[in-house]
Ligand SMILES: Nc1nc2c(ncn2[C@@H]2O[C@H](COP(=O)(O)OP(=O)(O)OP(=O)(O)O)[C@@H](O)[C@H]2O)c(=O)[nH]1
Ligand SMILES: [Mg+2]
């Protein structure tokens, strides 16, 4: 496995320690061994070389001592900084953005995700053509899980691609992405017309969103083939999956699972993943899944909220679902306090409580009504039985007397049958 020295500048920013430990996790997710972290305290980075001269010497020596070939920097470097650090240390220099892009490239499976990642990677590469690290990094990691920055195997090496070819390639990929996204959009519009409420699972990567989704699918009797991919790794999910679920009382929602967040998610990725992320922006309710067993849970919540803000998500009601409570000895679960739930996505009683919380929030505008449906109007009875929660049914001489909890839409349709 490749070995790397991690380095960052601490200028007193909040959460510095946390972002460094996150950098370590990202490094491991890229199958690189973090050997040592070196911090420089500076008010702000040096414009030309990011680190100070003396620090660069120290980094070079540390790499030599640890037999590491890579330097991973906890920030996005300017092209000049990247080149100068390369020149002065002789190391393969990977900044935070390149590292995250690399992980996304390895994980992308669907056509949309591959296109999105590739556009982001080329955009990152465009101003950095005169650096050598990216190509060396690509070559080195190409064997480990495929991908790299140029996942499509066009046969051209990056060195051969000049600026214009890359720009053309970006345009071409954007065009392709638009087409694929248009298809998805058509699907989404079909869903919108169904008038169903939508719930989006959001949160930091590896918090347990996909596990929660699968638990809810299983508990509501969905087919196994509807399950989504869950795994203990950063960015297991890059695609949005939307599933319809129907609860025991006939209430239905569309549930979506999507890409997880990390602090300083590269703007190139946010841009490229806009459509994917839009699923959250259009939801009626967000469930923020948090790994409560992680010592950095608080920072992860802040990161998620910041990212949601960046992608333009605001004003959508949110439930906090503090997951993995089973890993925290002494923590009682499942337990609801206001809009917060402490739970475990692996525990049925927990998932039931989450369902209750979702329903209470989402269906607060449902009303209980009693209707008298004449025998000649059988189709309305059918609608009630399939779309509403029927609480009581009596058969009278005039028709069916039925008490049910109904959505505002259904209440509108049935208003002439109301019985007081
Ligand atoms: N012990 C425990 N592990 C859990 C729980 N929920 C999820 N996990 C594990 O946490 C890991 C990550 O779960 P995922 O559901 O893939 O996480 P995610 O939020 O979808 O992550 P990304 O797709 O990477 O953003 C998996 O190994 C799960 O099995 C839980 O309640 N308890
Ligand atoms: Mg996932």
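Note on residue 267 and residue 10: the model spin-label points, each 7 Å out from Cα along the C-beta direction, lie 2.8 nm apart. Estimated purely from DSSP H runs of n ≥ 4, each contributing -39500 (n - 2.57), the mean residue ellipticity at 222 nm for the chain is -13500 deg cm²/dmol once divided by its residues.
Run the numbers on the chain and let me know its relative contact order in percent, using alpha-carbon pairs under 8 Å that are six or more apart. Present the calculation step by step, with values, prior to reporting the outcome.
Details: 701 pairs, mean separation 46.6, N = 420.
Normalised by residue count, the contact order of the chain is 11 percent.
In segment 1-179, Cα pairs under 8 Å separated by at least six residues give a relative contact order of 20 percent. Sorting 33, 299 from the fewest to the most surrounding beta carbons within 10 angstrom yields 33, 299.
Counting other beta carbons within 10 Å of each Cβ, put 104, 417, 229 in order, fewest first.
Details: 104 27, 417 19, 229 14.
Least crowded to most crowded, the residues run 229, 417, 104.
Computed over the chain with a Gaussian network model linking Cα atoms closer than 10 Å, the most mobile of 30, 344, 386 is 386. The slack between residue 176 and residue 17, meaning 0.36 nm per residue of separation minus the straight C-alpha distance, is 53.2 nm. With 0.36 nm allotted per residue and the present C-alpha distance subtracted, the residue 316-residue 43 stretch has 94.5 nm of extension available. Seen against the Cα atoms of the chain and their longest principal axis, helix 163-193 is set at about 10 degrees. Normalised by 2.2 N^0.38 Å, with N the number of residues, the alpha-carbon radius of gyration of segment 1-179 equals 1.03. Expressed as a fraction of 2.2 N^0.38 Å, the value expected for a compact globular protein of N residues, the C-alpha radius of gyration of the chain is 1.19.
Would you order 138, 420, 348 from fewest to most other beta-carbon atoms within 10 Å of each residue's own beta-carbon? Spell out each step's value before the answer.
On the way: 138 21, 420 4, 348 12.
Ordered from fewest to most neighbouring Cβ atoms within 10 Å, 138, 420, 348 come out as 420, 348, 138.
Against the longest principal axis of the chain, how steep is helix 79-89, in degrees 0 to 90 to the nearest 10, with axes from Cα atoms? Roughly 50 degrees between the two axes.
If you take every DSSP beta bridge fully contained in segment 228-330, what fraction is antiparallel? Give it as a percent rounded to 5. Close to 50 percent.
Counting only alpha carbon atoms, the long axis of helix 96-107 and the longest principal axis of the chain meet at about 60°. Here segment 203-217 and segment 22-89 have alpha carbon centers that stand 34 Å from each other. With a 10 Å cut-off between alpha carbons and a GNM built on the chain, which of 54, 203, 312 moves the most? Of the options given, 54 has the highest mean-square fluctuation. The antiparallel fraction among DSSP beta bridges confined to the chain stands at about 40%. Full extension of the chain between residue 386 and residue 305 yields a length gain of 25.4 nm, computed as 0.36 nm times the residue separation minus the alpha carbon distance.
FRET efficiency for residue 233 and residue 349, Cβ-Cβ distance as r, R0 = 22 Å, nearest 0.05? Mind dumping the intermediate values first?
Details: r = 27 Å, r/R0 = 1.25.
Once rounded, the FRET efficiency stands at 0.20.
The modelled label-to-label distance between residue 250 and residue 61, using points 7 Å beyond Cα along the C-beta direction, is 7.7 nm. Label-to-label distance, residue 186 versus residue 365, with points set 7 angstrom from Cα along the beta-carbon direction: 3.0 nm.
Just so you know, all these numbers are worked out from the coordinates, no wet-lab data involved. These numbers come from a predicted model, not from an experiment. All Cβ positions, glycine included, derive from the backbone under ideal geometry; neighbour counts span all protein chains shown.
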